[in-house]
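S.K.: Take a look at the following structure, please.
The values are calculated or read from the model by the stated rules, or taken from the named source; none is laboratory data. These numbers were taken from a predicted model, which means no experiment stands behind them. As a convention, Cβ positions derive from the backbone with ideal geometry for all residues, glycine included, and neighbour counts pool all protein chains shown. For accessibility, only protein heavy atoms count, side chains too; no ligands or nucleic acids. Shrake-Rupley method; radii C 1.70, N 1.55, O 1.52, S 1.80 Å.
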Amino acid sequence: MKSGDISYLTKEGIKNTVANRLMTIASVGVLVACMVVIGLAILISENGDRAIKNLEKENVVMAYMKDYSWAQYGEHDKPLKTGTNGEIDASEYLIHNDEEAQDVCKNIEKIDNVQKVEFISSEDGLKGLTKDMFADQEQYFSSFLNEKHGNPLSCAAKVTMENMEDFDKTLEKIQKIDGIDVIRSQADSAKKIVAIKNAVKIAGAWIVAILMIISLVIVSNTIRITMYNRKLEISIMKAVGATNSFVRLPFIVEGVTIGIISAIISEGLLYVCYRIVSERLVEILGNSIIPYSDVALPLLGIFAGIGIVSGIIGSSIMISKYLRKEGSEFAAI
Amino acid sequence: MIESEINMSESNIENSVTAPEKPVIEFKGVSKRYANGTHALEDVNITINKGEFVFVVGSSGAGKSTFMKLIMREERANTGIIRVNGFNLTKMKRKQVPMLRRTMGIIFQDFRLIPKMSVYDNVAFAMHVVGAPNRRIRKEVINALNAVGLGDKKNSMPNELSGGEQQRVGIARALVNNPDLIIADEPTGNVDPNMSFDIVSMLKSINEMGTTVLMVTHDHELVREFKQRVIMLDSGRIIADNVAGGDEE
Ligand SMILES: Nc1ncnc2c1ncn2[C@@H]1O[C@H](COP(=O)(O)OP(=O)(O)O)[C@@H](O)[C@H]1O
Ligand SMILES: [Mg+2]
């Protein structure tokens, strides 16, 4: 095909798109919905990945010890032995004072892969915790403390590891030391984020699959209406010996134009949606949200790809159905 | 009576084999049955040579349009062999159909002009869509419009023209790609009777420049007037093929 033909046919295709406004708008609408959902799913899962990486960088775990607070608030199989005035018997807990706790810290320090151990007394732990809390929760927390007259936090060792690869092994070794109760790491948060990410991925895939089918149906119907509006031209084209690819190209151009318009609108709309969603994401994932400008270009590429492919497929469905018809049959549809 | 007519058409083929003329259209034992079971054509044998002007007549439902559609390859024969302009339509692949169509100009009863295009653009459209270069399009469209006497109406819209003028645009469009064969199924069917004569005269003068013309008509007066070869169909069979033309009834 010569370049003159291509420009002629492209003009024809764009004319069709304009002439067929209403269906074009409908097609663009569904395609945009499809693309925005895809874009949001991508952004959420990318942010999830980034948050998980950030968490993994924090190779710090808290190893809580079996001290008096643990005996009072922790979980126990048997009822506790208590003294005459309700005090818990000293044999019920392993860490009786800060010296013993410091010894545990030293034992942890002996483990390979442990870089640094810092002792956190229960008072320091409580201070740090309330500082991190939001105002309303802090209030609730302090009232809880008043009721119980005590600090529910056990003393702890803040352990920094050298190397994340041996994370699980090192954790096991710390766990085996006498006097250690539970170890809290951010692995739990990472698991939560992975779960959210997977849920978004699965739901997103379904929504996208359904929307893609709808948009193919709509795009192909748009093309069908254009073909119907242009049946006279098509019947003449066939009668004078235009090749099928020549007949087809304006419709493909129309499909692709719809796709490209949708891609551009989606890019803008997603920016707005992302601003709204990112407020929620900040709450879940913390402040390290990916800025839209970082992903704008690749997303536009993805949208353009989706738009062009669905435009081509959507228009081809109808064209191949109708191009089998001959000139006068075409004039009669 | 019918049998003798069939024999006659068969002897025609024999003639064409020995005749020096080059056949443009050849039907050998062609039958066409539509999907619903209608037998539209039965054992049609005919040869039309280069430069002939042929009327195809017959009552409604006789199979005239089917005959034309087989030539254009809008329909395919169930049996028999069809050759048109050097193409074997029986063996032809779908992809070759556009090449066959480029050797013929088709004129429609309903004109099939595109309403939103000017006279000029309607004719140019036929060249654009077969990929003709712009410079040639400009030249040939004007030539074709002058040939049908509409050079001064090139900027008119189709709805500003009479039926006869619209059909002349249709003729210009059929001519513009310089075909070897013109196919016209009732080209005067939607034209005033007094304009019909002009239309056929125009086709006749195109024919005199060497283009083969095949035209379906109901108009006996036209057939008598122009004294050309007449092929008469009835119930899907050729019942008369009068090279002299004129008194077919
Ligand atoms: N597409 C079709 N499907 C089924 N039957 C058809 C079709 N076209 C024509 N016929 C039938 O074939 C016969 C011949 O039709 P046609 O060739 O159009 O006749 P004519 O042009 O001489 O009036 C008629 O009986 C008509 O009803
Ligand atoms: Mg007919």
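S.K.: Can you tell me which residues in the range B:226-236 are over 16 Å from residue B:184 (Cβ atoms) and away from ligand 2 (no atom under 16 Å from the Cβ)?
M.R.: Correct list: B:227 only.
S.K.: Quick one: how many residues across the range B:192-210 are in contact with a Lys or Arg (Cβ under 9 Å, 6 or more places away or on another chain) and part of a loop (DSSP other than H, G, I, E, B)?
M.R.: Qualifying residue count for the region: 1.
S.K.: Return the residues of the range A:232-258 that are of a type in the set (D, E, K, R) and at the interface with chain B (Cβ under 10 Å from one of its Cβ atoms); say none if nothing qualifies.
M.R.: Those that are of a type in the set (D, E, K, R) and at the interface with chain B (Cβ under 10 Å from one of its Cβ atoms): A:233, A:238.
S.K.: Taking only the range B:113-124 into account, find how many residues are buried (at least 21 other Cβ atoms within 10 Å of the Cβ) and facing chain A (nearest Cβ under 7 Å).
M.R.: Result for the range B:113-124: 0.
S.K.: Here's a check for you: in the range B:67-103, which residue that is in contact (Cβ under 8 Å) with a residue 40 or more places away in the chain and open to solvent by less than 10 Å² (accessible area, probe 1.4 Å) is farthest from the other protein chains (Cβ to nearest Cβ)?
M.R.: Per the criteria, the residue is B:82.
S.K.: Looking at (1) open to solvent by 60 Å² or more (accessible area, probe 1.4 Å); (2) more than 13 Å from residue A:27 (Cα to Cα), which one does residue A:239 not meet, given that it meets all the others?
M.R.: (1)
The rows are residues; the columns are (1) surrounded by fewer than 21 Cβ atoms within 10 Å (Cβ to Cβ); (2) over 19 Å from residue B:50 (Cα atoms); (3) among the aromatic types (Phe, Trp, Tyr).
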{"residue": "B:162", "(1), (2), (3)": "yes, yes, no"}
{"residue": "B:167", "(1), (2), (3)": "no, yes, no"}
{"residue": "B:170", "(1), (2), (3)": "no, yes, no"}
{"residue": "B:182", "(1), (2), (3)": "no, no, no"}
{"residue": "B:186", "(1), (2), (3)": "yes, yes, no"}
{"residue": "B:190", "(1), (2), (3)": "yes, yes, no"}
{"residue": "B:193", "(1), (2), (3)": "yes, yes, no"}
{"residue": "B:197", "(1), (2), (3)": "yes, yes, yes"}
{"residue": "B:201", "(1), (2), (3)": "yes, no, no"}
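S.K.: Now, a different point. Which one of the conditions (1) under 22 Å from residue B:61 (Cβ atoms); (2) at pLDDT 65 or above; (3) among the hydroxyl-bearing types (Ser, Thr, Tyr) does residue B:47 fail to meet, given that it meets all the rest?
M.R.: (1)
S.K.: Sticking with this structure for a sec: Go through (1) of a type outside the set (Asp, Glu); (2) within 16 Å of ligand 1 (Cβ to nearest atom); (3) at pLDDT 95 or above for residue B:240 and report which single condition fails.
M.R.: (3)
S.K.: One residue is enough: does the range B:175-184 have a residue meeting the conditions modelled with pLDDT of 95 or more, within 16 Å of ligand 1 (Cβ to nearest atom) and outside any helix (DSSP H, G or I)?
M.R.: yes
S.K.: I'd like to verify a number: residues in the range B:190-200 that are closer than 23 Å to residue B:67 by Cα and more than 14 Å from the chain's Cα centre (by Cα), how many?
M.R.: Residues in the range B:190-200 being closer than 23 Å to residue B:67 by Cα and more than 14 Å from the chain's Cα centre (by Cα): 3 in total.
S.K.: Then there is this: How many residues are in contact (Cβ under 8 Å) with a residue 40 or more places away in the chain and part of a helix (DSSP H, G or I) if we restrict to the range B:104-123?
M.R.: The qualifying residues number 3.
S.K.: Follow-up question, since we're still on this one. Among (1) touching a strand residue (DSSP E or B) at 6+ places or on another chain (Cβ under 7 Å); (2) at pLDDT below 95; (3) closer than 27 Å to residue B:191 by Cβ, there is one condition residue B:73 misses while meeting the rest; what is its number?
M.R.: That leaves (1) as the condition not met.
S.K.: Right, residue A:40: open to solvent by 10 Å² or more (accessible area, probe 1.4 Å), assigned to a helix (DSSP H, G or I) and touching a helix residue (DSSP H, G or I) at 6+ places or on another chain (Cβ under 8 Å) or not?
M.R.: Yes: the conditions hold for residue A:40.
S.K.: For residue B:75, which of the numbered conditions (1) within 16 Å of ligand 1 (Cβ to nearest atom); (2) closer than 23 Å to residue B:203 by Cα fails to hold?
M.R.: Just one mismatch for residue B:75, condition (2).
S.K.: Away from every other protein chain (no Cβ under 12 Å) and away from ligand 1 (no atom under 12 Å from the Cβ): does that describe residue B:53?
M.R.: Yes: the conditions hold for residue B:53.
S.K.: Scan the range A:212-236 for residues that are open to solvent by less than 30 Å² (accessible area, probe 1.4 Å) and part of a helix (DSSP H, G or I) and jot them down.
M.R.: A:215, A:219, A:220, A:222, A:223, A:226, A:227, A:233, A:234, A:235, A:236
Let's see how each residue does on (1) surrounded by fewer than 20 Cβ atoms within 10 Å (Cβ to Cβ); (2) farther than 26 Å from residue A:219 by Cα; (3) modelled with pLDDT of 80 or more; (4) within 14 Å of chain B (Cβ to nearest Cβ):
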| site | (1), (2), (3), (4) |
| --- | --- |
| A:9 | no, no, no, yes |
| A:16 | no, no, no, yes |
| A:22 | yes, no, yes, no |
| A:28 | no, no, yes, no |
| A:36 | no, no, yes, no |
| A:49 | yes, yes, no, no |
| A:53 | yes, yes, no, no |
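S.K.: Still on this structure, I have one more. State yes or no: is residue B:132 more than 8 Å from every other protein chain (Cβ to nearest Cβ) and either closer than 17 Å to residue B:183 by Cβ or more than 16 Å from ligand 1 (Cβ to nearest atom) (or both)?
M.R.: Yes.
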